[in-house]
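Scroll down for the structure; my scribbles are underneath it.
The values are calculated or read from the model by the stated rules, or taken from the named source; none is laboratory data. Keep in mind the model is a prediction, meaning the values are calculated, not measured. Cβ sites come from the backbone with ideal geometry, for glycine too, and all protein chains shown count toward neighbours. These area figures cover heavy atoms from the full protein model, side chains too; ligands, DNA and RNA do not enter into them. Shrake-Rupley method; radii C 1.70, N 1.55, O 1.52, S 1.80 Å.
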Amino acid sequence: MTRLNVLALVLGAGAIVHILRLVRLHQLRSKYALLWLSIAVLLVPLAVAPGLLDRFSDLLGIDYAPSALFLAALAFLFFVVVHFSWELSRLEAKVRALAEEIALLRAQREDSR
Amino acid sequence: MLIPAYNEADALGATLDELKAIVAGLDVVVVDDGSLDATAAVAARHGARVVRLPFNLGVGGAVRTGLRYARDRGYDRVVVFDADGQHNPASVPVLLNALDAGADMAVGSRFAVPGNFEVGVLRRHAMGLLHRIVGWSTGQQFTDTTSGLRAFGRPVIERLAVDYPVEYLADTVEVLLMVTKAGYRIAEVSTPMRPRAGGEPSSVRLWLVLNYLRLLVGILASISRRRPGSRRSKKLR
């Protein structure tokens, strides 16, 4: 194994440990944990056997193997960010509705005094 | 009367007193949109009911809150009126007359009288574009698509209390699209404006451009949405 392989392996393992820790502390919803864990689990074999990446990019018809990795990473991150925007919009709508509800309830309580 | 107010303690008192003098007998509700100043206290002192939001939601959010208040308490008509004194209280009976004449919603236009309301070049073009888009998609010509002075009848109150658009500017323009699409009639009446009595005008140039662009996205989405009677609109009823 080259030094680079070791580095990649350590990073991947570190990511897995960190995510598991967050889940155990109830600071990460398990659906996100699953998402990130699957990424880490996919990356570890690539770190150990870089040949896998070459075969994968051959399959897609990509000449320069690392760019296959970039493409996959970009596409994945794009979908994650869009998903977060969506979730953020939903959360904001919920918070707004709650704020309005609080205002209306407060007005009701003042009336009934 | 529904008055959304954000940090309007300076102008609100005079506005409320003037309203009381001209349209006595109407309930006045001030929705305090998370103000940091004495807006709520001023409103209460001048005889208005106060609905206080815990933090700032923007005009759209404040108006939606007010509409929900009106819906829950069975009001038949709501007039939305600015806190800063720009709207003329004499317009209120004009709007209410339009409702009595059979309209489901009435909009006070600042432009129906030429030269009454001056705006910068940028804003004029943006408003012209909105005018055309709204005219095209509603089949009705509105001289003032972003007017905040409006009156709603009961069916429209019930409709808008559910999903009044809460984003800045969208609350005025998109409402026109939503209400006409739902099959209600909108009347536009002439309501001359006055200079602001206090508070800061809510527009900075670049911010305004971005907001108009965002508004366009919202309008396109609104136009492309399914007609009433579709699955989604049934769920809302």
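Which members of region B:64-79 meet the condition of being more than 9 Å from chain A (Cβ to nearest Cβ) and surrounded by fewer than 24 Cβ atoms within 10 Å (Cβ to Cβ)? Across region B:64-79, the qualifying residues are B:70, B:71, B:73, B:74, B:75, B:76, B:77. Of the residues in region B:101-114, not one is crowded, with 17+ Cβ neighbours inside 10 Å, of a type in the set (Phe, Trp, Tyr) and within 14 Å of chain A (Cβ to nearest Cβ). When region A:32-90 is filtered for residues that are surrounded by fewer than 16 Cβ atoms within 10 Å (Cβ to Cβ), more than 30 Å from residue B:167 (Cβ to Cβ) and of a type in the set (S, T, N, Q), the ones remaining, listed by number, are A:38, A:67. Beta carbons closer than 6 Å, at least 6 apart along the sequence or on distinct chains, never pair a first residue in region B:213-225 that is part of a helix (DSSP H, G or I) with a second that is of a type outside the set (Asp, Glu) and open to solvent by 90 Å² or more (accessible area, probe 1.4 Å).
Taking the conditions (1) touching a helix residue (DSSP H, G or I) at 6+ places or on another chain (Cβ under 9 Å); (2) under 22 Å from residue B:175 (Cα atoms); (3) more than 13 Å from chain A (Cβ to nearest Cβ); (4) not β-branched (Val, Ile, Thr) in turn, residue B:61 satisfies each one other than (3). From the list B:37, B:27, the lone residue that is at pLDDT 90 or above, over 20 Å from the mean Cα position of the chain (by Cα) and either farther than 24 Å from residue B:94 by Cα or surrounded by fewer than 22 Cβ atoms within 10 Å (Cβ to Cβ) (or both) is B:37. Here region B:23-58 is the region considered, the condition is being within 11 Å of chain A (Cβ to nearest Cβ) and assigned to a loop (DSSP other than H, G, I, E, B), and the residue that is nearest to residue A:100 (Cα to Cα) is B:53. Among the candidates B:134, B:173, B:189, the residue that is open to solvent by less than 60 Å² (accessible area, probe 1.4 Å), touching a Ser or Thr at 6+ places or on another chain (Cβ under 8 Å) and either farther than 28 Å from residue B:69 by Cα or at pLDDT below 75 (or both) is uniquely B:134. Cβ-Cβ distances below 8 Å connect the following pairs, each with a first residue in region B:121-143 that is assigned to a helix (DSSP H, G or I), a second residue that is among the acidic types (Asp, Glu), and a separation of six or more residues or different chains: B:127/B:144.
Across region A:94-113, the qualifying residues are those that are small (Gly, Ala, Ser) and under 15 Å from residue B:55 (Cβ atoms), and the one among them that is surrounded by the most Cβ atoms within 10 Å (Cβ to Cβ) is A:103.
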